[in-house]
Every structure is written in structure tokens, then in C-alpha cells.
Amino acid sequence: MPDDASAAVWRRIGPSPAPGRDVERSVSVLIVGAGPVGLALALDLGRRGHRIVVLNRLDFIAAASRAICFSKRSLDIFDRLGIGQTLVDKGVGWNVGKVFRGASREPVCQFHLLPVKDQRRPAFINLQQYYVEATLIDALARLPNVELRWGHRLIGVTPAGSGASAEVETRDGRYRIDADWLFACDGHHSTVRDLLALDFDGRLFEENFLIADIRMQSERPAERWFWFDPPFNPGRSALMHKQPDDMWRLDFQLGWGIDRAACVRPENVEPLVRGMLGEGVPFERVWYSVYTFQCRRMARFVHGRVLFAGDSAHLVSPFGARGCNGGIADVDNLGWKLDLVLRGRARPSLLESYNDEATVTADVNIAHSTRSTDFLTPKSVASQAFRDAVLELAATQPFARPFVNSGRLSTAVSYPASALSTVDQDEWPAHAPVPGSAAFDAPLGPGWLLSRLGDRFVLLANGCRSAPVPGLEIVDVAASAGDFTLLRDRYDLTPGAAYLLRPDQYVAARWRLATPQHISAALARAKGEAP
């Protein structure tokens, strides 16, 4: 999140008053941070009926686009939270990326980011972070059990065996609030993490990039364009993304040891922008900023009744759009588990699986981000030679194109060793989703599979009309109206086959012929009750 002194205002909300003496001073869930991750977690838990308080030190939605690329997996999660269509309607959808080298107008390679076609959502939408935050805030305003407190700064945290106490400062004075569970979603400068003196280890890359958000009218396609060694930024790289409202995100590699203040002065930015766009193209400055690559994470995300999500827990470089999307994945993994714990339907130890699975996601994202950064900014003669050879060959040799790494874009991460998954006992084709992986979308009757799954445990089956386990939702494709051929083929749903899907729409188990005993055991394991 931006610093108070430097943050520009996109929408002023105003400070919330400090709670009076007659206001409750305890809550089931306290969330620190009202960025996309904290707000999405509040919406997930709030829609499930829990009492939530969210603290945010700023009293406004900050301007500047910041996170802009939201992946298909995040859109699927936003659909489950009831806001996906609003975001898609506003955002710029895209599936194609192109990579250029030097002054050539022809890409050395291009890629399509949605290899599994016929799904409801595109591979990505580009949408400024403030629109996502505003949409989440509007949805939360309809939930009387969720309270957003603006201008409430956390200044102290005291963990306890049954919860945590938070000391909060407002313009009206200080107060204390006790929570059964406290969630730190307060960004990479996490106050919660600092107050608890917890680790945040990783790597700082000696490289800086300039973000230039500009406004211009252009018929350029909604594609991701990336340049290596362009004439307007020789020896370095650049990136272009289209956003709504005639906004464009431009990134320029700057190198190390720069004067950061000088680099954002308009007279120094404009030559780069005009070099990319061409002389005479009118544009308006919106926001200029410099960032440095970092890849870090905490050793653990669960510390008793204090849990961390998003940038407070892990941090990656921006190329690949793995930061905010990784945080939304944390919310998706965490919400249903905490819901079961709060309702007494699962033991608190289930949340240890959040630590296990979310750290896997963080490690995968950090590994991809590190490899991308090393390719973008080679620091040795050998690395530079390898990159140049790959780019040279990619222009004419298809085998070299997969080695071009301008930022591997965010996709759903699988948990192959999850303790919540039931190991396969049957044979399946390679394309069918395995336990521990996210479900694929597919047409189902007049709608879509993921929309039918919702946010509960579901048995997806071909020929199962009655629930083999009490209370388990059934989606039987054989009983669905319309053609389900694509769905059946995508999941290899032969007659009698079935998948058990978690509330976050991950596969927990699958069988060629499921029995009530199989399903009961797999359901117990998915709730953390396995022996």
C-alpha cells in the first residue's frame, strides 16, 4: 500500500469514528488491511455469515493502477464471491501476448494464455486495482455483518491462545479490540508482521523499473506487448498493457544505481514514452513510479490465531502478475477452511493445511518470478549469451520459443502432496484434473460448471442421482439438460465416475466407480479429519 504522505486519492471515504463504549470490543474475525486481499477475505467470510471487522490505516481508495492483471483463476474466485461479471464488464479481456526484439515490428514469438478453450472467463483482464477495491467495497456494503473502519491504524498486537488483541489508533483516540482470529492482509510493509518481529526473507534484485500510467486514445489491440532491447530503451526491456478508460500501463527497465526522484520527472519519462508510442501521439500523464524487484516470503503463514495472506506473507516481482493473484488464491484457500472451523465443523488444525498449501503457491510463484527476472536482467556474461541466443533462435525456430521468459503469467497452482487429497487408485488420462488441482470450467447445460459448484463440497458425477453422503451436493451431468460432451471429455467422466470437489473448487478425490465409503472417507480427509 502507498505511504500516507505520498498516496494520491482516487475515492475519498473519510475516517470512521472510533467505537463508543457501547460498541462491542470483540469480534470473530479481525482483518488488517483493505486492499484487494483483505477485502476479498472479508467478502468471502461475510457472505458465509460471520461477523467481520476490517481496519485500514488510510481513509480513502488510493489512486494509481498498481495491480492491473487479474488471471482467469482470480476471475473464477471473484465469480464465486458474486462480483466476477462486474469486473469483467469493466476490464479489458486479453489472451494473447507478443514478444519483440530490437526495432523489429514482427514479434519473435507470441503465445495464447488459455490453452483449455471453452471456459467462461478469458485468460486475463486488465483492470486498475482501485476498481477492484471499489467493487469489493460496494459488495461489502450490502452485508450488515461486515464493518470497514477507515483511518484506523494498528499500533499493537498481542497474541493469545484463544485469539489476539489489537491496539488501534484513530483521530478520536485509541481503543482495543479482541478477535478470535486476526488476519494480516496489510501489504509487504506489514505492520502486523513487524509488531510480531516475524521473518520475511528472500532476494532483492539489483534492478529498477519505471511504471508510467498514461491516458491516450488508441486502436492498439488488447494484447500484452513486451520488448527486449528496443531502440527507445537500448540494452533494456519495456512492456505495454491496455486498461479501461483509455489508460495504458507502460513499464521501462532502468538499471541499478539510479536517481529515483529524477527518473519520474516528466522530462525524463516522456522520451521513453514517445519512443514507444511514436512522435506526435498525444498522451496525458497519470502516474509515474519506480519499483525494485523483490522475492520474499515468511517461513510460516500461520502463527497461532494470527494468519498472514497476500503481500504481507509473500512478495514477488510484478512480471507474471503473480502478486495480487497469489493473494486472491490465499483468500480462496483460507475462507472455506476458517468457515468450517468457526462453525465447529472442523478442528482448528485444518488451518495448518492453509499454511502448507499457501506456501506451496508462494514458492511456485517466487520460483517463476525469479526465473523471469534472471532472464529479463541477466547478471553474467553466460546468462546474457543464453538470453541473446534464445531470442535470436525464437524468431525462426519454434523449439526455442518456450525458453523466452518475459514473465510466466499467473495460473492456478496445484498441491500434489496435499494432506487433504485422496490418492488415486484408478487410471486416468493425463488431461483429467488430478487431486490437488483446480477444476476446469466447461459448459454445463445453459450455464457453466464452476457456477454450479459454488462454494461448498460437491460431487461431480456421471450417473449419481441421490447423495451417497448426507448433505453432500450432487452435480450429475447425466441428469443435466443440454449437451455435456465437452465436460465429460474434459474430466473423462465415464458412466459411474465421480470427482469430489472442495469449496474452493479444487479436486479432493476422483474415482472410476465411487462408493459411499470412498466418498465419506475422502470428505473426512478433505476436512482435515483423516487419520
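Some observations on this one:
- Additional length obtainable on full extension of the chain from Asp483 to Gln397, 0.36 nm per residue less Cα span: 26.9 nm
- Applying 1/(1 + (r/R0)^6) with R0 = 45 Å to the Cβ-Cβ distance of Val9 and Glu473 gives a FRET efficiency near 0.55.
- Point-charge dipole on Cβ atoms (K/R +1, D/E -1) for the chain, about Cα centre, debye to 20: 420
- Footprinting exposure proxy for Thr370, Thr191 (fewest neighbouring C-beta atoms within 10 Å first): Thr370, Thr191
- When log10 I(q)/I(0) by the Debye sum over Cα atoms at q = 0.06, 0.10, 0.11, 0.12 Å⁻¹ is calculated for this entry, the matching label among (i) -0.37, -0.93, -1.07, -1.19; (ii) -0.30, -0.85, -1.02, -1.19; (iii) -0.41, -0.84, -0.94, -1.05 is (ii).
- Directionally averaged shadow of the stretch 443-526, computed from the convex hull of its alpha-carbon atoms, nm²: 4.8
- Rel. contact order, % - alpha carbon contacts under 8 angstrom, at least six apart, the chain: 14
- Antiparallel bridge percentage (DSSP; both residues within the chain; nearest 5): 70
- Options Leu148, Leu493, Leu393, ranked by Cα towards positive dipole end of the chain, top entry (Cβ charges): Leu493
- Length-normalised contact order of the stretch 185-339 in % [C-alpha pairs under 8 Å, at least 6 apart]: 30
- Adding -39500 (n - 2.57) for every DSSP H run of four residues or longer, then dividing by how many residues the chain holds, sets the calculated 222 nm ellipticity at -8000 deg cm²/dmol.
- Close amide H partners of Glu147, meaning residues 5 or more places away or on another chain with modelled amide H under 5 Å apart, are Ile52, Val53, Val54.
- Additional length obtainable on full extension of the chain from Arg215 to Ala197, 0.36 nm per residue less Cα span: 2.3 nm
- Fraction of beta bridges assigned by DSSP in the stretch 195-272 that are antiparallel (%, nearest 5): 100
- Ranking of Asp330, Asp180, Asp504 by neighbouring Cβ atoms within 10 Å, starting from the fewest: Asp180, Asp504, Asp330.
- For the chain, the number of Lys pairs separated by eight or more positions or lying on different chains, with C-alpha atoms closer than 23 Å, is 11.
- Computed packing ranks the peptides 30-36, 377-383 as 30-36, 377-383, most packed first, by mean other Cβ atoms within 10 Å.
- Positive-end residue of Gly161, Trp511, Gln253, charge dipole of the chain with Cβ unit charges: Trp511
- Projected label points at Glu427 and Glu106, each 7 Å from Cα along the beta carbon direction, are separated by 4.6 nanometres.
- The stretch 443-526: relative contact order in percent, alpha carbon pairs under 8 Å with at least 6 residues between: 31
- Proxy reagent accessibility, fewest Cβ within 10 Å first, across Ser466, Ser421, Ser26: Ser466, Ser26, Ser421
- Given +1 at the Cβ of Lys and Arg, -1 at the Cβ of Asp and Glu and no other charges, the dipole of the stretch 443-526 around its Cα centre is 180 debye to the nearest 20.
Values quoted throughout were computed directly from the atomic coordinates according to the rules given, and no laboratory measurement underlies them. Please read all numbers here as calculations on a predicted model, not as lab measurements. Heads up, the Cβs are rebuilt from the backbone with ideal geometry, glycines too, and the neighbour counts pull from every protein chain shown.
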